[in-house]
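The values are calculated or read from the model by the stated rules, or taken from the named source; none is laboratory data. All values derive from a computational prediction rather than experimental measurement. Cβ coordinates were reconstructed from backbone atoms using ideal geometry, including for glycine residues, and neighbour counts include every protein chain displayed. The accessibility values were calculated without ligands, DNA or RNA, using every heavy atom of the protein model including side chains. Shrake-Rupley method; radii C 1.70, N 1.55, O 1.52, S 1.80 Å.
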Amino acid sequence: MMKRCAIIGGTGLTVLDGLEAAGSAQSATPFGFPSAPLSSGKFHGTEVVFLARHGLDHNIPPHRVNYRANIRALFDAGVDRIIAVNAVGGISAGMWPGRVVIPHQLIDYTYGREHTFFDRDLDKVVHVELDPPYDTAMRQAVIDAAAAAQVDVLTQAVYGATQGPRLETAAEIDRMARDGCDLVGMTAMPEAGLAREIGLPYVSICVVVNWAAGRGEGDIHGQIERFLDQGMDSVNMLLQGCLAGL
Ligand code: HPA
């Protein structure tokens, strides 16, 4: 089967601009249906498979996303790697709204999500290694593409994945900062863990769309409205550059 890269789009990236979709497949998996039909086609000359994490109507909240069906459907479609796009809040200095960040580490604060393929009816228990959580070669390819396309990116950050869908309190964000988190989002886990379990190299391109609770001025939703589209334009440029190089 032809090698293809998957792109999982998050908030602000439900439709991939520039994708010449040749087909759309509603793919059943043993875990149910993915968030949306998989959309395949050429994106600036490279074959990709695109999946909208929160559904085409953006109506599946982070804790209800069927991460297992999403990753399994992409695997069944024959993709050989995954680029995830995540809208996030900024915690530490430098993580300002509008900025694109390529995280290198993550901490999982989620709970109650179906988070593993190695759950029952196993011949033996399986403990995959999740460190480093993001594929080193893919991270470098994205960072190189950013330099080539002159997209400003931060190349190190710890992503803290919260349960949501509510936003955090200022004290929760302070605690996350003490834990070492630079970014806060709701979707990196279990997605990254499942990609590792199924053997697909995985990288995340994060777009900071607001200052986390207690960190910035002004209301969070206003910031998100202001910075989401602008950030996703940078992501689209970055995707064009790095797909050729991956
Ligand atoms: N917190 C959690 N998830 C988010 C945020 C936030 O501030 N912004 C975007 N996703």
In whole angstrom, note down how far apart the Cα centers of the range 163-222 and the range 34-83 are.
20
What residues have an amide H closer than 5 Å to that of Ala84, excluding those fewer than 5 places away on the same chain, when H is modeled at 1.01 Å from N in the peptide plane?
Ile8, Val203, Ser204, Ile205
Given a 1.4 Å probe and every protein chain left where it sits, what share in percent of the accessible area of the range 170-246 is carbon and sulfur?
47
Quick one: which of 105-115, 29-39 comes out on top by average Cβ neighbours within 10 Å, and what's the full order, highest first?
29-39, 105-115
Please give the per residue accessible area of the range 20-171, computed with a probe of 1.4 Å over protein heavy atoms only, in Å².
48
Percent of accessible area on the range 2-147 owned by carbon and sulfur, 1.4 Å probe?
52
Any idea what the dipole of the chain comes to, in debye rounded to 20, about its Cα centre with Lys/Arg Cβ at +1 and Asp/Glu Cβ at -1?
240
I'd like the trypsin sites (Lys or Arg not before Pro) in the range 1-102 restricted to DSSP loop residues with at most 16 other Cβ atoms within 10 Å, sorted by number.
Lys3
Determine how many Å³ per residue the convex hull of the Cα atoms of the range 157-222 encloses.
94
q = 0.10, 0.12, 0.16 Å⁻¹: log10 I(q)/I(0) that the Debye formula gives for the chain, counting C-alpha atoms only:
-0.43, -0.63, -1.17
Hey, can you find the accessible area per residue of the range 184-244 for me, probe 1.4 Å, expressed in square angstrom?
37
